[in-house]
Amino acid sequence: MPDPATVPVPNVVNLPRSEAEEKLKAVGLVGVVTTANSSTTPTGSVSSANPAAGTLVSLGSSVNLEVSGEPQQIKVPNLRGLTKLAAEHELTKVGLVVGKVKSQHSDSVPIGDISSTNPDADTLVSLGSSVDLEVSGEPQQVKVPNLWGLTKLMAENELTKVGLVVGKVKSKYSHSVPKGGVTHTIPPMDTLLSPGKEVDLHLSSGPEPQWTQYILPGFFVVLGIIVLGVIGYVITQDGQRFLTKLSDKEIARGLITFLIAITTVGVAIILAISTLALGEGDAGDKRFDRGKQVLSVLIGVLGTIVGFYFGSAVETKTAQQTLAITTTMLPDGGATKPYSSTTLRAAGGIPPLTWFVTPPLPDALTLDPATGMISGTPKAASQKSTFTFAVTDSAKPAASAKADLTLEIK
């Protein structure tokens with residue numbers, strides 16, 4: 001039989017402190033409380049008892065009760081820039097454990113190192129708490145988009161949308177992409193790249209030129225030089241013999257007929273060249289039309305000049321036939337006396353006129369060739385003499401007229 005002076009220790013583990021003490025007191029025992037951290041027992045409850053429950057002890061004996069207190073607070077260490085293994089070691093040293101680990105690219109932390117923690121560094125957490133780690137990983141890659149046929153500006157916008165940038169830009173001939181459009185990229189479409197990488201663009205500079213396309217322009221350049229040379233020769237020809245002949249209506253008609261024939265032959269040559277050398281389509285048609293217009297303009301310019309000089313020559317010939325000196329007499333002069341200035345007159349002709357006299361006038365008298373004025377002071381008397389006055393106009397060829405007039409110095 002048990003000794004009536006002894007009692008078994010009751011079970012007080014996990015009971016709140018006050019309840020545990022009352023239960024011990026009810027059986028004649030005394031609880032002695034100490035505080036300790038416990039990860040399994042709620043704060044303020046008994047985590048253990050010594051002697052253990054069921055042990056026979058004397059009445060009035062003490063039972064040591066360990067009560068769970070507030071958990072110890074630990075600062076999360078700064079793990080940024082450490083490897084995952086080094087970060088685990090640091091957490092273990094301070095009584096913390098590694099929680100979840102995820103990978104996220106960071107521009108400022110090398111791949112494989114810790115970029116951040118949750119909770120953040122220096123945060124107070126309970127002893128034994130877990131800390132989540134974020135490790136810097138490979139950047140997320142994007143595909144090079146399809147930029148074929150887009151302009152440089154549109155291609156740049158598309159690259160910006162996916163986080164890429166334009167690299168080198170080159171031009172090359174292309175028969176399939178309009179001028180200014182993207183023919184291909186380096187690297188090519190659908191290549192995986194890290195954000196921020198460059199993509200080189202090749203832009204179309206249009207179809208590669210063919211040597212045959214220079215035939216027609218070259219032909220018109222040569223033809224233009226020939227026509228302009230003919231025009232220059234006709235205008236600057238010494239004595240302008242050619243333009244003079246245009247006063248003959250038959251010659252003028254023949255020349256106009258010749259110009260019409262040249263135009264017809266020129267159009268025929270253009271048709272032949274366009275058939276053999278030019279490509280089909282709108283481009284060839286446009287070059288043919290431009291060539292025909294240039295030829296027509298050149299021939300038209302020459303025809304206009306011919307018509308102008310033809311009309312001018314007829315008018316000149318009519319004007320030449322009407323040039324005449326209208327002065328019929330000259331006043332006599334006196335020796336050592338100023339001669340009464342006299343200006344010769346003429347009708348018709350194309351001004352300006354030029355005057356001449358033969359033989360020379362008496363000593364000290366002069367004839368102004370531009371105005372026809374006779375002036376001066378004779379030094380001595382001279383008998384009445386006959387002088388032949390002549391005048392020419394500015395026509396090509398020049399028209400002229402003569403008149404015999406007498407003059408005496410008394």
In what sequence do VAL165, VAL131, VAL13 fall when counting other Cβ within 10 Å, fewest first? VAL165, VAL13, VAL131
For THR358 and ASP122 in the same chain, what is the full-extension length gain: residue separation times 0.36 nm, less their Cα-Cα distance, in nm? 72.2 nm
For the pair THR322 and THR386, what calculated FRET efficiency results from E = 1/(1 + (r/R0)^6), where r is the Cβ-Cβ distance and R0 = 30 Å, to the nearest 0.05? 0.75
Quick one: what are the phi-derived ³J(HN,Hα) couplings along region 49-62, Karplus 6.51/-1.76/1.60 with θ = phi - 60°, whole Hz, x for glycine and proline? 9, 9, x, 6, 4, x, 6, 7, 9, 6, 4, x, 5, 8
Lysine pairs meeting the criterion (Cα under 17 Å, 8 or more apart or interchain), as found in region 30-119: 4
Assign unit charges at the C-beta atoms only (+1 for Lys and Arg, -1 for Asp and Glu), then state the dipole size of region 142-204 relative to its Cα centre in Debye, rounded to the nearest 20. 160
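How many percent of Cα pairs in region 78-138 exceed 20 Å?
17
For a footprinting-style exposure proxy, rank PHE389, PHE219, PHE356 by other Cβ within 10 Å, fewest first.
Ranking PHE389, PHE219, PHE356 by Cβ neighbours within 10 Å, fewest first, gives PHE356, PHE219, PHE389.
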Taking a ≥ b ≥ c as the square roots of the Cα gyration tensor eigenvalues, with a/c under 1.5 meaning rounded and otherwise prolate when a/b beats b/c or oblate if not, region 6-68 comes out prolate
Point-to-point label distance, ASP132-ASP404, nm (Cα→Cβ direction, 7 Å offset): 13.5
In nm, to one decimal, how far is the GLN72 label point from the THR371 one, both placed 7 Å along Cα→Cβ? 13.2
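Take peptides 344-350, 224-230 and line them up by average Cβ neighbours within 10 Å, highest first, as a rough protection proxy.
So the order, starting with the most tightly packed, is 344-350, 224-230.
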I want to check a number: in region 142-204, how many lysine pairs have alpha carbons closer than 16 Å, given a sequence separation of 8 or more or different chains? 10
Can you tell me how much longer the chain between THR92 and ASN146 gets when fully stretched, taken as 0.36 nm per residue apart minus their C-alpha distance, in nm with one decimal? 14.3 nm
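Among TYR173, TYR233, what is the fewest-to-most ranking by other Cβ atoms within 10 Å?
Sorted ascending by nearby Cβ count, the order is TYR233, TYR173.
Throughout, read-outs are computed from the coordinates displayed, never taken from laboratory work. On a predicted model such as this, the values are computed, not experimentally measured, just so you know. Neighbour counts run over all protein chains shown; Cβ positions are idealised from the backbone, glycine included.
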